[in-house]
Amino acid sequence: MAHLKTYAVLTVLLMGLVFLGIGCTDNEAGEEGAPSEEVPAAEAQGISIKGSDTVLPLAQYEAEQFMIEYPDKSVTVTGGGSGVGIAAMIDGEVDIATASREMKDSEFENAEANGITPLEHVVAFDGISVVVNPENPVSELTFDQMRGIYNGSISNWNEVGGEDKEIAVMSRDSSSGTYEYFKEAVLLEDEYRPDALTQPTTGAIVSEVSMNPNAIGYIGVAYLDDSVKAVSVDAGEGFTYPSPENIISGDYPLSRPLYFYTDGEPGGLTKEFVDYVMSEEGQNLILEVGYFPVQ
Amino acid sequence: MFSRNYREKTIESVLFAVSALTVVILFLICLFLFRDGLTLFEDVPFLSFVTGKFWYPTSVNAQFGLLPLFLGSLIVTAGAILFSVPLGIASAVFISELASPKVADFLKPFVEILAGVPSVVYGFFGLVVLVPFIRETFNLPTGQTALTGSIMLGVMALPTIISISEDAISSVPGSLKQGSLALGATRWQTIYKVTVPAALSGISAAVMLGMGRAIGETMTVMMVTGNTAIIPSFPGGILDPVRTMTATIALEMGEVPQGSDHFHALFAVGSVLFIVTFLINLLADAIKKKYRFKVD
């Protein structure tokens, strides 16, 4: 009998949650439903954005501020990875794809086949910082050393000036734009070492590096916090720390543009939103999120 | 009379259609999974997929070797079973044979709640608690290992194993136990010489189903096993990072260009996974049917 009671309580709780959910959707539907009768073009009411997890915090913040300013317009933002966003745009599912890498030739071909002409907008710059545990004495790495660590030719911290400990190499999964960018920028022609640990999210890299004194990983600068230590990197022109000044000035070598892709020249709400992001106000928001403005 | 008959027939056929739907859905899943999976073998020889030792799906010379992923799944699942079977059977024996009804009624819903915890929560727990613990205990470069995954999966397989074994144990006829006790056996002797052996078919089925649950689990293993696609050594590989079949699909499906070899390779991995879980379920069912206890 006792567990019957427990079930009953749990069921009631669950049903409560479900109804809460239904309540929410009903409200939204109601608000959106009314004006749509006046303006026939559905696109004018709301747009959806999908793509890079790196761009996600930026796009989300821009969308929130945009909707505060224009309460009758809705911008929906979801993540999933650059490739996911681009594929969704090619299929016509979303209005804007966000990406932390350039579109590949194969994706351009797919888009063309679907009658879509992707247009690139550089909306911000991101720095990639290489992070280690705060206890790790290593705080500078050259590109050659990073390449060695990531292609497998360097396996112990004492080869790069650290303690005699095996390096635990953290990488992202192949859906990540950061994975592709890091491979191009640091590994050049090499492959990632096969025994690198593949982490499903940037958050997982931060969490592992913050707890593991042997770990090294790469993350977007926006994810930097006190739990991990960013190392200065040297691409041949001296060691540079991933500070905002160095990234904006272009001195920091591991920085990359972040993109919005639209189908052709944007119109309607899509254009309004892209213009908002590129405006002075929108570009200031970018700094608040931890990325760097284009202008 | 006629109209009533007619109505009954209608209701019956609606119910039949609904239950047939599950078969149709299963069939369609098979069809699509296998169709896309088999397409891989137009470009990649079947043998090099099944016996390939390297999984480099995005290299210029892409290699799709199933072995590291298959063995990764195998080692994690085997570890999970080693961990959860003794614990699960012990709990089942306690709940059905030893605990007072009050305690049993208290424990049972908790076991079932364990089954309802979302896998991402298990994964998060594993990541922040178990991973550092394993690293420090075994002094490893990283705590994201097959062992970590095994322990988490073991915990997740527990509810299945406990509740099904408990059913099996409590359905052993009372006359058997009473006979054993009457012959002078102690309670403990009765449990391990009579009750548990008599319930063995049900317990084996429970183990198989727990195994099915462990091998198909994705989120948790992806978060705690490190996802390194190299063939684990045996038995030392239990302390190395591994990558399972499920984690590979979850990690790579997002970026993969549709229709590419990589895309088909993921479907092929999915097909293998489907076949393995299907066989495990069939086996569990067969064990249950064949050795159903026949004393009454």
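The mean sequence distance of close C-alpha pairs (under 8 Å, at least 6 residues apart), as a share of the length of chain B, puts its relative contact order at 26 percent. Specify the residue with the greatest mean-square fluctuation among B:Thr228, B:Thr244, B:Thr186, computed from a Gaussian network of chain B linking alpha-carbon atoms under 10 Å apart. Of B:Thr228, B:Thr244, B:Thr186, the Gaussian network model singles out B:Thr186 as fluctuating most. Between the range A:168-184 and the range B:81-104, the C-alpha centres lie 45 angstrom from each other. The charge dipole of the protein assembly as shown, taken about its Cα centre with unit charges on the Cβ atoms of Lys, Arg (+1), Asp and Glu (-1) only, comes to about 4760 debye. Once you've got the GNM for chain B with C-alpha springs shorter than 10 Å, pick whichever of B:Phe234, B:Phe54, B:Phe83 has the biggest mean-square fluctuation. Largest GNM mean-square fluctuation: B:Phe234. Using the Cα centre of the protein assembly as shown as origin and beta-carbon charges of +1 (Lys, Arg) and -1 (Asp, Glu), tell me which of B:Thr277, A:Gly162, B:Val256 is placed farthest towards the positive end of the dipole. After comparing all options, I get B:Thr277.
Length gained on full extension, B:Asn61 to B:Glu42: 5.2 nm, using 0.36 nm per residue less the C-alpha separation.
Backbone geometry of the range B:62-68 corresponds, through the Karplus equation with coefficients 6.51, -1.76 and 1.60 at θ = phi - 60°, to 3J(HN,Hα) couplings of 4, 10, 10, x, 6, 3, x Hz, x marking Gly and Pro. Judged by the mean number of other Cβ atoms found within 10 Å, the most tightly packed of the peptides A:103-113, A:170-180 leads the ranking A:170-180, A:103-113. Using the Cβ-Cβ distance between B:Lys9 and B:Asp285 with R0 set to 22 Å, the FRET efficiency from 1/(1 + (r/R0)^6) comes to roughly 0.10. To the nearest 10 degrees, how steep is helix B:2-39 against the longest Cα principal axis of chain B, on a 0 to 90 scale? Roughly 40 degrees between the two axes.
Chains A and B together bury roughly 2500 Å² of accessible surface, counting both sides and using a 1.4 Å probe on protein heavy atoms. Above 42 Å, the calculated P(r) of the protein assembly as shown contains 35 percent of its Cα-Cα pairs. Highest mobility in the GNM of chain B, judged by mean-square fluctuation with C-alpha springs under 10 Å and restricted to B:Val93, B:Val224, B:Val44, is found for B:Val44. Computed over the Cα atoms of chain B, pair by distinct pair, the Kirkwood hydrodynamic radius stands at 21.7 angstrom. Simple rule: put +1 on each Lys or Arg Cβ and -1 on each Asp or Glu Cβ in the protein assembly as shown, find the dipole, and look at B:Ala185, B:Ala205, A:Gly81; the Cα lying farthest toward the positive end is B:Ala185.
Helix B:200-216 and the longest principal axis of the Cα set of chain B meet at an angle near 30°. For chain B, the longest principal axis of the alpha carbon atoms and the long axis of helix B:146-170 meet at an angle near 30°. A Cβ-based charge dipole, computed about the Cα centre of the range A:130-251 with Lys and Arg at +1 and Asp and Glu at -1, lands at about 240 debye. Spin-label model, B:Leu183 to A:Ser48: label points 7 Å out along the Cα-to-beta-carbon direction sit 6.7 nm apart.
The values are calculated or read from the model by the stated rules, or taken from the named source; none is laboratory data. Note that the structure is predicted; figures quoted are calculated from it, not measured. All Cβ positions, glycine included, derive from the backbone under ideal geometry; neighbour counts span all protein chains shown. SASA here: full protein model, heavy atoms, side chains in, ligands and nucleic acids out. Shrake-Rupley method; radii C 1.70, N 1.55, O 1.52, S 1.80 Å.
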